[in-house]
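Structure first, then comments.
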Amino acid sequence: MTPFTAEILGTMVMILLGNGVVANVSLKNTNGNNSGWIVITTAWAFAVFAGVTIAGPVSGAHLNPAVTLGLALIGKFSWSLVPAYILAQMIGAMLGAFTVWLSYKDHFFATEDEGAKLACFSTGPAIKNNLSNLMSETIAAFVLIFTIFYIAGPSLKITASHDAAIGLGTIGALPVAILVWAIGLSLGGTTGYAINPARDLGPRIMHSLLPIKGSSNWKYAWIPIAGPIIGSVLASILYLILN
């Protein structure tokens, strides 16, 4: 398996399980309907665990353009690999979202609430305020990226030659899963904690393409892209200052 394939598969499984739990909680007539935020944040953490476990030994398990960008900014990842990693993450996110739709197809058709159906693909604000929403995504992503730098350790480096695929998977997926769980429980209530541009954009594209009634809310879509990128840049700057 190549790093490109690993990022696709890891991201796909992460989105399948992460958006899958939202579908289980949000859609009509599922066994998990209305089971709540604790269920969603817990399953999302385990979804990250699964994705990192799959991709970690091969690609370093970025699964997130903000992670890829941050590692490149601090000099721990080759800039030449950044476009391929982000492309793989987008493909994986779209495939994962499509598979959620296949798994819950009958329940999507049975659900009238268009917002609930969109939530199975992409995030949205609890209270719409672009500046506050952007701030929430930036802060949550900052915590994610800055902590990942220290989880990964100073030896994290993947070069264009692929000779040393050293990354998050080499120190285990559990710390990253716990981190995402904590972010969801503590900071996720405002915007749904996208903290990952591919996680939001890829499924939002699929929502717009699939036979699902309702708006894809493209007016909001820039926030879960810009916020994680800003958070990643800020985390990288602070990390470089401190190290």
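Has region 10-28 got at least one residue that is surrounded by fewer than 19 Cβ atoms within 10 Å (Cβ to Cβ) and either of a type in the set (Asp, Glu) or assigned to a helix (DSSP H, G or I) (or both)? Spell out the reasoning first.
Here is the first cut: in region 10-28, the ones surrounded by fewer than 19 Cβ atoms within 10 Å (Cβ to Cβ) are 28.
Still in the running and either of a type in the set (Asp, Glu) or assigned to a helix (DSSP H, G or I) (or both): none.
No, region 10-28 contains no residue that is surrounded by fewer than 19 Cβ atoms within 10 Å (Cβ to Cβ) and either of a type in the set (Asp, Glu) or assigned to a helix (DSSP H, G or I) (or both).
Between residues in region 24-37 that are in contact (Cβ under 8 Å) with a residue 12 or more places away in the chain and residues that are surrounded by fewer than 17 Cβ atoms within 10 Å (Cβ to Cβ) and of a type in the set (Val, Ile, Thr), which pairs lie under 9 Å by C-beta distance while being six or more apart or on different chains?
The qualifying pairs are Asn24/Val39; Val25/Val39.
For region 44-76, which positions are within 11 Å of the chain's Cα centre (by Cα) and among the β-branched types (Val, Ile, Thr)?
First, pick out the residues of region 44-76 that are within 11 Å of the chain's Cα centre (by Cα): 44-45, 47-48, 51, 62-67.
Val48, Val67, listed by residue number.
Only one of (1) crowded, with 21+ Cβ neighbours inside 10 Å; (2) modelled with pLDDT of 95 or more fails for Ala152. Which number is that?
(2)
Going by what's in this entry, would Val82 be described as within 19 Å of the chain's Cα centre (by Cα), at pLDDT 95 or above and of a type in the set (Val, Ile, Thr)? I'd like the intermediate steps shown before the answer.
Values: within 19 Å of the chain's Cα centre (by Cα): yes; at pLDDT 95 or above: yes; of a type in the set (Val, Ile, Thr): yes.
Yes, satisfied.
Does Trp101 fit the bill of being among the aromatic types (Phe, Trp, Tyr), surrounded by fewer than 24 Cβ atoms within 10 Å (Cβ to Cβ) and touching a residue at least 24 places away in the same chain (Cβ under 8 Å)? Spell out how you get there, then give the answer.
Working: among the aromatic types (Phe, Trp, Tyr): yes; surrounded by fewer than 24 Cβ atoms within 10 Å (Cβ to Cβ): yes; touching a residue at least 24 places away in the same chain (Cβ under 8 Å): yes.
So Trp101 fits the description; yes.
Could you tell me whether any residue of region 71-78 is among the aromatic types (Phe, Trp, Tyr), under 25 Å from Thr138 (Cα atoms) and surrounded by fewer than 21 Cβ atoms within 10 Å (Cβ to Cβ)? Don't jump to the end; show me each part of the working.
First pass over region 71-78, keeping only residues among the aromatic types (Phe, Trp, Tyr): 77.
Filter once more, so that each one left must be under 25 Å from Thr138 (Cα atoms): 77.
With surrounded by fewer than 21 Cβ atoms within 10 Å (Cβ to Cβ) added as a condition, the list becomes none.
The answer is no; no qualifying residue exists.
Filter region 69-103 down to residues that are within 27 Å of Leu240 (Cβ to Cβ) and of a type in the set (Ser, Thr, Tyr), then give me how many there are.
Result for region 69-103: 3.
Suppose we keep only residues that are surrounded by fewer than 24 Cβ atoms within 10 Å (Cβ to Cβ) and more than 12 Å from the chain's Cα centre (by Cα) within region 87-96. Which one would you say is nearest to Tyr239 (Cα to Cα)?
Going residue by residue through region 87-96, those that are surrounded by fewer than 24 Cβ atoms within 10 Å (Cβ to Cβ) are 87, 90-91, 94-95.
Checking which are more than 12 Å from the chain's Cα centre (by Cα) leaves us with 87, 91, 95.
Values: Leu87: 26, Ile91: 30, Leu95: 33 Å.
My answer is Leu87.
For the list (1) of a type in the set (A, V, I, L, M); (2) in contact with a helix residue (DSSP H, G or I) (Cβ under 9 Å, 6 or more places away or on another chain); (3) more than 15 Å from Leu63 (Cα to Cα); (4) at pLDDT 95 or above, I need the number of the one condition that Leu242 fails.
Here Leu242 meets the rest and fails (2).
Test Ser161 against the stated conditions and say whether it is farther than 19 Å from Thr123 by Cα, in a helix (DSSP H, G or I) and either touching a helix residue (DSSP H, G or I) at 6+ places or on another chain (Cβ under 9 Å) or modelled with pLDDT under 95 (or both). Reasoning before the result, please.
On the way: farther than 19 Å from Thr123 by Cα: yes; in a helix (DSSP H, G or I): no; either touching a helix residue (DSSP H, G or I) at 6+ places or on another chain (Cβ under 9 Å) or modelled with pLDDT under 95 (or both): yes.
In short, no.
Here are Gly214, Gly192: which of them is outside any helix (DSSP H, G or I), modelled with pLDDT under 95 and on the phi > 0 side of the Ramachandran plot? Break it down into steps so the answer makes sense when it comes.
Details: Gly192 fails: modelled with pLDDT under 95.
Just one listed residue meets the conditions, Gly214.
The values are calculated or read from the model by the stated rules, or taken from the named source; none is laboratory data. These figures come from a predicted structure and were not determined experimentally. Here Cβ is always computed from backbone atoms with ideal geometry, including for glycine, and neighbour counts include all displayed protein chains.
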